[in-house]
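What follows is a single structure, written as structure tokens, with notes after it.
The values are calculated or read from the model by the stated rules, or taken from the named source; none is laboratory data. Remember, it's a predicted structure, so these values are computed and weren't measured experimentally. Cβ sites come from the backbone with ideal geometry, for glycine too, and all protein chains shown count toward neighbours. The area values use the complete protein model at the heavy-atom level, side chains included, leaving out ligands, DNA and RNA. Shrake-Rupley method; radii C 1.70, N 1.55, O 1.52, S 1.80 Å.
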Amino acid sequence: MILVQEADFNTQTQYEALRQDSPKIGAIVTFVGLMRDFNEGDDVSSLFLEYYPGMTESVLEDIREQAMQRWSLNQVRIVHRVGELAPSDQIVFVGVSSAHRGEAFAACEFVMDFLKTQAPFWKREQTSKGQRWVEARQSDDSAADRWKS
Amino acid sequence: MSSPNTLKVLFFARLRDDLDTNEESLVLPQGVTTVGQLKAYLCQRGEQWQQALSTQGLFVAVEQKVVDWDTPLQGFEEVAFFPPVTGG
């Protein structure tokens, strides 16, 4: 399940959708990314998230399918918000269910690593110095690269 | 004989700000057959374009899929240029 939306999401609802899916599930791993109020040494008062309607959803779906093929999973759910966000707001939810925890942990990290480097989202920060587009991080590319071996 | 190929060209995030445009309709000029050649053609418009499209790690997508610079454009309708992604 892939959702790209302006509205906030409820982690309990997402978790229950994973849990009640099948009695064969033995593990659920969830990740929630939040908006920080600092970046690159500056205070950040708000964030705007831009995306590429259509392509963003299809890239997320592709990442989800790759995870489903790579591990034995029951379900992968991805929710990503767009538009204006404030500090402590939820940005992204990734939830993975499987029979055993190892696969759920690995797949959750895999989805986040590829989402960060491949899904067309862009963050623009409002700081005391003005607006600026967030720079991509080399460490995110490195994190995604480790799954290629 | 092929009919003129009209492309929708999209720009996102910093690129859109730097170029003051998010979308344009472009009849493919003669000699422009790949996405790399399209980028070179756009760069010829001046310093502003040259700089924006020289973004390190620039992505190009055709029909909403990221592609290599030697990908042919013939028969496609939508091309998008965008900077490295920063979601999550």
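What the table below lists for this structure:
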item: Total accessible area lost when A and B pair, probe 1.4 Å, Å² to nearest 100; result: 1800
item: Average Cα contact separation per residue, chain A, under 8 Å, 6 or more apart, as relative contact order %; result: 32
item: In region A:60-109, the trypsin sites (Lys or Arg not before Pro) that fall in loop regions by DSSP, at most 10 other Cβ within 10 Å; result: none
item: Cβ-placed point charges (K, R +1; D, E -1), dipole of chain A about Cα centre in debye, nearest 20; result: 420
item: Shape of chain A, Cα gyration tensor, a/c cut at 1.5; result: prolate
item: Residue-wise HN-Hα coupling along region A:61-74, computed from phi with Karplus coefficients 6.51, -1.76, 1.60 (Hz; x: Gly, Pro); result: 5, 5, 5, 4, 5, 4, 5, 5, 7, 6, 10, 8, 10, 8
item: Relative contact order (percent, whole number), chain B, Cα cutoff 8 Å, 6+ residue spacing; result: 37
item: Long-range HN-HN contacts of A:GLU84 with modeled amide H, under 5 Å; result: A:LEU49
item: Antiparallel %, DSSP beta bridges [both residues in chain B], to 5; result: 75
item: ³J(HN,Hα) computed for each position of region B:48-60 - Karplus, 6.51 cos²θ - 1.76 cosθ + 1.60, integer Hz, glycine/proline x; result: 4, 6, 4, 5, 4, 7, 8, 3, 5, x, 3, 9, 10
item: Length-normalised contact order of region A:32-91 in % [C-alpha pairs under 8 Å, at least 6 apart]; result: 57
item: Choice from A:GLN75, A:GLN14, A:GLN138 showing the highest fluctuation, given a GNM over chain A with Cα pairs closer than 10 Å; result: A:GLN138
item: Under Karplus coefficients 6.51, -1.76 and 1.60, residue-wise ³J(HN,Hα) of region B:72-88 in Hz, glycine/proline x; result: x, 9, 3, x, 9, 10, 10, 10, 10, 10, 7, x, x, 7, 9, x, x
item: Distance between region A:78-149 and region A:34-69 - C-alpha centres, whole angstrom; result: 5
item: Candidates per GluC sites (Glu not before Pro) in region B:2-88, loop by DSSP, up to 11 other Cβ within 10 Å; result: B:GLU77
item: Three-way shape call for chain B based on the alpha-carbon gyration tensor, with the a/c threshold at 1.5; result: prolate
